[in-house]
1. Please calculate how many Å² of accessible area the chain carries per residue, with a 1.4 Å probe and no DNA, RNA or ligand atoms counted.
2. What value in Å³ per residue do you get for the convex hull of the alpha-carbon atoms in the chain?
3. Sort 394-406, 123-135 by packing, meaning the average of other beta carbons within 10 Å per residue, with the highest value first.
4. In degrees between 0 and 90, to the nearest 10, how far off the longest principal axis of the chain does helix 57-68 point, with axes built from Cα atoms?
5. Rounded, prolate or oblate: which fits the range 4-195, taking a ≥ b ≥ c as square roots of the Cα gyration tensor eigenvalues, rounded meaning a/c under 1.5, else prolate when a/b beats b/c?
6. Which whole-Hz couplings ³J(HN,Hα) result when phi for each residue of the range 150-155 is put into the Karplus expression 6.51 cos²θ - 1.76 cosθ + 1.60, θ = phi - 60°, listed in order with x for Gly and Pro?
7. Residue farthest toward the positive end of the dipole of the chain, with Cβ of Lys/Arg at +1 and Asp/Glu at -1: which of TYR260, VAL313, PRO187?
8. Using amide H atoms built 1.01 Å from N in the peptide plane, name the residues 5+ places from LYS414, or on other chains, whose amide H lies under 5 Å from its own.
Amino acid sequence: MVTVSINKSSTVKPNELTPDVKLWLSESDQIKPYTHAPTFYIYLPQNLDNYTSISSPFETLKRSLSHVLVPYYPLAGRLNSIGGGRFVLNCNGLGAEIFEAESQSEIKDLGDFCPTLETKKLLPFVDYTKDISELPLLLVQLTRFKCGGISIGVAISHIAVDGKGALGFISSWANFARGEKKLVVEPYHDRTIFYKGDPLAKPRFDHHELKASPTLIGHDTADEERNKECTNRLLKLSKIQVDKLKKLANDGKDATSRPYSRYEAMAAHIWRCASKARKLQNEQLTSLRVGVDCRNRLKPSLPPGYYGNAVMVTSPVAHVGTLLLGLGDACSIISECVRNFNEDYIKSAIDFLASQEDLTQWRTGFHIDIKKGLFLGNPNITVTSWYGLPIYDADFGWGKPIFMGPAGLGFDGKCFLIPG
């Protein structure tokens, strides 16, 4: 068992005056969890040779965070409820929270870093009994292990930013910690450039992703599945295995059309395997939730530094029997759904959300009350890819992390594809 004890904590505010404004949040922001997405980074002892030139890793993190919170000032703010399950982001400069902890355990005691109750100890505690207007949007925990290794646990409110934005912030923060005062990209905080939606317009498409997911045959609700306990597993796929999957998916495909991508091949394989493992009937409907970055699908494109939730979800639905025909068949279902996720589809989805008086039931993710929000588990699955994200760029001066991943999963059927 990994033991962790907190030594001290500190509130870190921007070290310069920042705009005192309330930022409007798009509908794409509003349906994301207001709770905190949990990730952690692991650094081995042999990567900590720079300790002699770093007076204190904790002080280094604090000092550099106060600098980077100037351009990323919304993360120093708080959420304010405006009713109907919606929020505004109050940029009041109250700051982020950072904790220093130590453990008498060693890095090896964490095993393969699969999300467990042990890895959750590496995360800062968030007191959700408080009013949401009191909760920091960013909390960080630095944990020192007996072996000399380090972990950094990060909790960022998902309603504030998506994965691309969050990791851009982490990379910029690491640059400042190393003394390189440069941003990976200049953050763009005006979210009004994201389509606002017309609450009087009727959706032009059948938005499966905004409806209740399929339930098991013979069950009117997902309550039984929702209440089951889950365990997590980390499965390692070699490049050879992934390439083999991609080749198998594309065997017999028309050479004139775009080949199925690595993501499509892996997601289709997982979808099929989950359906088999759950022993679902061929007539059972099942959905796959796929995150799609809207930044370049809107016209004009969003700025490269757009700082908000620009990822929306599409959700192909199929009968299990169709999925099991072959890997290529499952890939084609995913590919067609993603291909049709164009600007008109995005705006139609936003129009639908804008017309809703209360968005609570459409919010997904890490809920305190598991009865609220969409249930996305059995017979359904979610496959989120972190390929292309700078997850190993978090070098704060003691080397790159040897691992970065989620410290917890929000629900049954949630999968991450993480480059090793």
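The values are calculated or read from the model by the stated rules, or taken from the named source; none is laboratory data. Being a predicted model, the structure only gives us computed values, none of them experimental. As a convention, Cβ positions derive from the backbone with ideal geometry for all residues, glycine included, and neighbour counts pool all protein chains shown. Accessible surface areas use protein heavy atoms only, side chains included; no ligands, DNA or RNA. Shrake-Rupley method; radii C 1.70, N 1.55, O 1.52, S 1.80 Å.
1. Per-residue accessible area for the chain comes out at 46 Å².
2. 153
3. Averaged packing, sorted descending, gives the order 394-406, 123-135.
4. Helix 57-68 sits at roughly 70 degrees to that axis.
5. Taking the square roots of the gyration eigenvalues as a ≥ b ≥ c, the range 4-195 is prolate.
6. Once θ is set to phi - 60°, the couplings for the range 150-155 become 9, 10, 10, x, 10, 10 Hz.
7. Checked the options; the winner is TYR260.
8. Placed amide hydrogens put THR382 under 5 Å from LYS414.
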